[in-house]
Each structure stands twice: as C-alpha cells, then as structure tokens.
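The values are calculated or read from the model by the stated rules, or taken from the named source; none is laboratory data. All values derive from a computational prediction rather than experimental measurement. Counting neighbours? That spans all protein chains shown, and the Cβs are built from the backbone with ideal geometry, glycine included.
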Amino acid sequence: MKITVIGSGYVGLVSGACLAEVGNDVLCLDVDANKIRILNEGGIPIYEPGLEAMVKRNKEAGRLRFTTHIPDAVAHGDIQFIAVGTPPDEDGSADLQYVLAAARNIGEHMTGYKVVVDKSTVPVGTADKVRTAIGEALTARNATINFSVVSNPEFLKEGAAIDDFMKPDRIVVGVSDDQAADMMRQLYAPFQRNHERLIVMDVRSAELTKYAANAMLATRISFMNELANLAEKLGADIELVRQGIGSDPRIGYHFLYPGCGYGGSCFPKDVQALVRTAHAAGQDLKVLQAVEDANEVQKHVLAQKIIKHFGEDLSGKKIALWGLAFKPNTDDMREAPSRVLIEELFKCGATVRAYDPVAIHETQRIYGDEPRLEYAQNPMDTLEGADMLAIVTEWKEFRAPDFAAIKAKLKTPVIFDGRNLYDPTHVRAAGLSYFTIGRH
Ligand code: NAD
Ligand code: UDX
C-alpha cells in the first residue's frame with residue numbers, strides 16, 4: 001500500500017520504518033528540514049534500538065523515503081498518517097496546532113480519496129476537528145473529494161518501539177465507515193501474528209482508549225511511589241510488598257516499580273490532558289489529579305533525601321549522576337526526573353558530573369554551556385572528584401558495579417538510588433550508605 005507519514009519523530013519514524021519493513025511504499029514528511037536531511041544522508045535523528053538498521057534496509061529497498069515537500073507527501077499515500085507532536089499548552093490541554101496544520105495540508109493538496117489516520121495522541125473529539133479542517137481546506141479550493149478520518153492511537157514504548165510496533169499487544173482502530181475499516185484491516189494484517197490483534201471501535205472510544213491506557217499505567221506508578229514512601233516510614237520493604245501483590249494475577253508484576261517519578265513525552269502530558277478534557281466535560285478526575293500531584297512530589301524525592309543527609313547548603317559539593325534519560329534505551333529527556341534533580345541541586349549550590357550512555361548529547365542541547373554541569377565518559381569516571389552518587393535511570397550498565405571501587409572514589413561513601421537497583425545488604429556490606437525508594 002502507499003502510505004504517507006506526516007511527522008518523522010519517535011512515532012512517525014518508527015511507524016514509517018515498520019510499515020515499509022512489511023512491504024509498503026512509505027513516504028515520511030517532516031517540517032524540520034534538518035531531520036529530513038539527516039535521514040536522507042543515512043543517519044537517524046533519534047536514538048532507538050534497531051531503528052537505524054531498519055531505516056537503512058528499507059531505504060535501500062526503495063520502500064522508505066523522506067521529504068519536506070508537502071504536495072508530494074499528500075499525493076503519495078492513499079493512507080495519510082498524522083504522527084506530529086501534541087505537546088501540552090499553557091493549561092495542560094493537548095495543543096492541536098500541529099495536528100490541524102497537517103490536516104489542512106492534506107485538504108489543500110489531496111486530489112483523490114484518502115484515509116486520514118490520527119496516530120498522534122489526541123483528545124476525544126479531535127477526529128471531528130481534523131475532518132472539519134480538511135473540509136474547510138477543500139471548500140476553499142472549491143473541491144469536493146471524499147475522505148475518511150480514523151483514530152489509530154499508538155502504544156509503542158520508547159526503547160522497545162520496533163518490537164512494540166511489529167508485535168503489538170493490540171491495534172486499536174476507531175472508524176466511522178466501512179471503506180476505512182477495510183483499508184485499516186488490510187494495512188495491519190501483517191502485524192496480526194497468530195491471532196486477531198485488531199480492535200475496531202468507534203472513533204471517540206479509540207481516542208479515549210489511548211488516554212485511559214496511559215492514565216492507568218501512570219496511576220499504578222504513582223500508587224507504588226506513595227506506598228514506597230510509606231514503607232520507608234513504617235520500616236517495611238516495598239520490594240517485598242511489590243512481589244507480594246504482583247503475584248495476584250488481577251494486579252500483575254508489570255509497572256509496579258517505584259522510583260523517582262515517571263517522565264517521558266507521554267505520561268506527564270497525557271495525564272494532564274485527560275484531567276483537562278474531563279474538566280471541560282464537567283467532571284473532575286480526582287484520582288488522576290492525585291496521580292499527577294504525587295508524581296510532582298516524587299520527582300523531588302531524591303533531592304529531598306540528599307538535602308536531609310547533607311543539609312540545604314550543598315555549595316562546594318559535586319554530585320555524580322548516573323543516568324539522564326527519562327528511562328533506559330532512549331535519549332529522550334522530555335520530563336526526565338533527572339532534570340528536576342539537577343535543577344534542585346543547582347539551587348542548593350551543588351555542581352553535577354553526569355553520565356548517560358546515549359542522552360548526553362540531548363542534555364547538552366537543553367543545558368547549553370551550563371558551567372555547573374559536566375559530563376563523564378563512563379560510570380566510574382563520573383565519580384571523579386564527586387562527593388556522592390545519585391542514580392536516576394536504570395541502564396543495564398549500572399546494575400553490577402564494583403562497590404568497593406565506588407567507595408574508594410567518593411568523598412562520602414553514599415549512594416542515593418532512585419531506581420532501587422541493588423540489594424541494600426550487599427551495598428552496605430561494601431561500606432557504603434545506601435538510600436533507596438522504599439527499601440530498608
Ligand atoms: P516528536 O516530537 O518526536 O515528533 C513529531 C514530529 O512532527 C517532529 O519531527 C516535528 O517536526 C513534526 N511536525 C510537526 N508539525 C508538522 C507538520 N505540520 N507536518 C509535518 N511534520 C510536522 O513526537 P513523538 O514523540 O513522535 O510523538 C508524536 C505523537 O505520538 C504525540 O501525540 C505523542 O503523544 C504520541 N505518542 C508518542 C509516543 C512516544 O513514545 N514518543 C508513544 C505513543 C504516542
Ligand atoms: C509510555 C507507554 O508505556 C506507552 O504505551 C505509550 O505509547 C507511550 O507512553 P514511554 O513513555 O516510552 O511509554 O515509557 P514507559 O516505559 O511507559 O515509562 C514511562 C515512565 O514511567 C518512565 O519514566 C519510567 O521510568 C516510569 N516507570 C515505568 C516507573 O517509574 N515504574 C514502572 O514500573 C514503569
């Protein structure tokens with residue numbers, strides 16, 4: 001099938017590459033000329049395991065191309081995916097300006113029937129707005145052309161994006177006509193594996209499903225974070241509690257890991273956006289508001305522990321920081337808990353020496369020439385001249401360090417671990433003080 005993907009970020013690029021991988025003819029569009037230049041020159045603008053090779057393979061096979069030229073992009077695909085950003089606006093609602101600009105572009109240039117697919121995470125009712133935007137653009141050029149608008153939210157996780165797209169748990173498709181439903185069935189047939197993964201529903205339910213999924217997952221995390229903080233006060237171990245409750249299949253083990261708060265480009269903004277959508281519909285989502293409030297508190301938890309130990313004046317202190325990305329296997333720094341910690345430490349007069357396997361470049365882009373932030377080449381090098389160690393991202397390479405070597409390097413032998421990576425007994429046996437999220 002001929003497919004256009006509008007927006008070549010995490011979702012657009014992964015979707016485009018995976019759709020090409022199964023044999024489709026895909027053209028990816030982006031307004032960011034630099035991104036398209038990198039892609040056309042053989043690189044990729046983001047870090048995502050396996051993506052570079054997949055892009056290269058499909059480009060060489062002639063199934064995957066990149067452009068900034070809107071008319072070509074609209075002309076190409078019978079299916080037009082909209083995969084542009086939907087960042088929060090000032091009040092936390094999803095900002096639809098990029099989605100609606102993409103819709104207008106389609107309306108301005110289409111010459112035949114198109115299935116327009118909202119893949120961006122968008123509030124309930126957005127498909128109607130997309131339909132109106134396309135309709136208005138068509139009217140402005142006196143054109144009458146049939147089109148369908150479909151909601152097809154994306155559930156991929158960064159760091160595992162290709163696997164999630166190629167082997168999805170489910171594919172949610174919200175449609176309002178049979179022609180579009182048939183095309184979506186055909187499009188996703190190669191991703192079905194051994195049993196039906198496609199869940200076809202009405203458009204509004206599909207739009208809400210995406211927010212419901214992220215809200216539920218974020219709720220589990222904030223709940224566990226609050227329980228971990230309580231466990232600390234009560235002298236219980238949250239890791240044992242996690243095992244104790246996760247064994248109930250109604251609860252399950254996934255997404256029960258307490259930490260220094262959830263981040264990323266999705267949970268924080270989607271939780272806020274759903275709260276705003278509900279508010280606008282006359283309903284307060286009290287549980288979800290609490291989920292967000294608890295996460296704000298949690299992002300400060302490591303800084304609070306450091307301050308409790310060393311006092312509020314950290315001037316002259318250097319904190320070694322392992323991990324910058326909001327989670328492992330990505331270079332994404334959007335809403336990363338590391339940023340909250342770094343800024344709190346700066347406020348207290350400290351400096352930071354940080355290491356991350358892939359996110360240093362992105363961190364440099366955000367912080368520029370910040371003199372209080374320096375970067376290290378590897379985990380042990382991070383400890384050079386440092387007073388203490390803080391950990392915010394659970395990269396695999398942090399999992400089995402030489403604790404004796406850490407103790408020897410740090411001025412004060414103490415680790416503040418925001419991801420509960422180690423057995424506390426083991427770390428303390430090496431002569432280090434160890435602060436966790438809810439363990440003892
Ligand atoms: P992103 O910021 O990485 O990429 C968006 C891209 O769209 C950018 O490259 C931007 O230049 C481009 N763009 C903006 N306006 C455009 C236009 N009019 N025409 C062409 N290109 C345009 O964003 P992302 O992380 O890929 O997220 C995209 C959407 O998918 C969001 O709604 C997000 O909530 C959702 N989503 C993201 C993830 C994730 O893990 N990142 C997962 C599921 C869903
Ligand atoms: C999320 C959803 O999982 C995905 O389905 C959706 O399409 C996009 O948003 P992503 O943001 O890539 O994916 O990362 P995810 O693995 O969900 O982690 C989000 C945040 O929650 C991270 O900061 C992570 O550290 C944190 N987290 C996750 C926890 O604190 N504890 C957990 O048990 C799981």
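Quick notes on this one:
- Residue, surrounded by the most Cβ atoms within 10 Å (Cβ to Cβ), within region 330-349, restricted to residues that are farther than 11 Å from A303 by Cα and among the small types (G, A, S): A336
- When every residue of region 248-266 is checked against the conditions, none turns out to be crowded, with 22+ Cβ neighbours inside 10 Å, part of a helix (DSSP H, G or I) and near ligand 2 (Cβ under 10 Å from one of its atoms).
- Matching residues, region 110-127, being more than 14 Å from E207 (Cβ to Cβ) and either near ligand 1 (Cβ under 10 Å from one of its atoms) or assigned to a loop (DSSP other than H, G, I, E, B) (or both): M110, T111, G112, Y113
- Residues located in region 251-265, provided they are closer than 21 Å to G418 by Cβ and touching a helix residue (DSSP H, G or I) at 6+ places or on another chain (Cβ under 6 Å): Y253, F255, L256, P258, C260, G261, Y262, G263
So that you can scan it fast, the table gives a plain yes or no per residue for (1) part of a helix (DSSP H, G or I); (2) at pLDDT below 95; (3) assigned by TED's automatic domain parsing to the domain that holds F81:
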{"position": "V172", "(1), (2), (3)": "no, no, yes"}
{"position": "Q179", "(1), (2), (3)": "yes, no, yes"}
{"position": "R185", "(1), (2), (3)": "yes, no, yes"}
{"position": "A189", "(1), (2), (3)": "yes, no, yes"}
{"position": "H195", "(1), (2), (3)": "no, yes, yes"}
{"position": "S205", "(1), (2), (3)": "yes, no, no"}
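- Annotation note: of A215, A231, A160, the sole residue that is more than 28 Å from V22 (Cβ to Cβ), within 15 Å of ligand 1 (Cβ to nearest atom) and of a type in the set (A, V, I, L, M, F, W, C) is A215.
- If the condition is being within 16 Å of ligand 2 (Cβ to nearest atom) and crowded, with 22+ Cβ neighbours inside 10 Å, then region 5-57 contributes G7, Y10, V11, G12, L13, V14, S15, C18, E48.
- Search result, residues across region 255-291 that are within 16 Å of ligand 1 (Cβ to nearest atom) and under 20 Å from L230 (Cα atoms): F255, Y262
- Matching residues, region 48-103, being among the hydroxyl-bearing types (S, T, Y) and out of contact with any strand residue (DSSP E or B) (no Cβ under 6 Å at 6 or more places or on another chain): T68, S93, Y98
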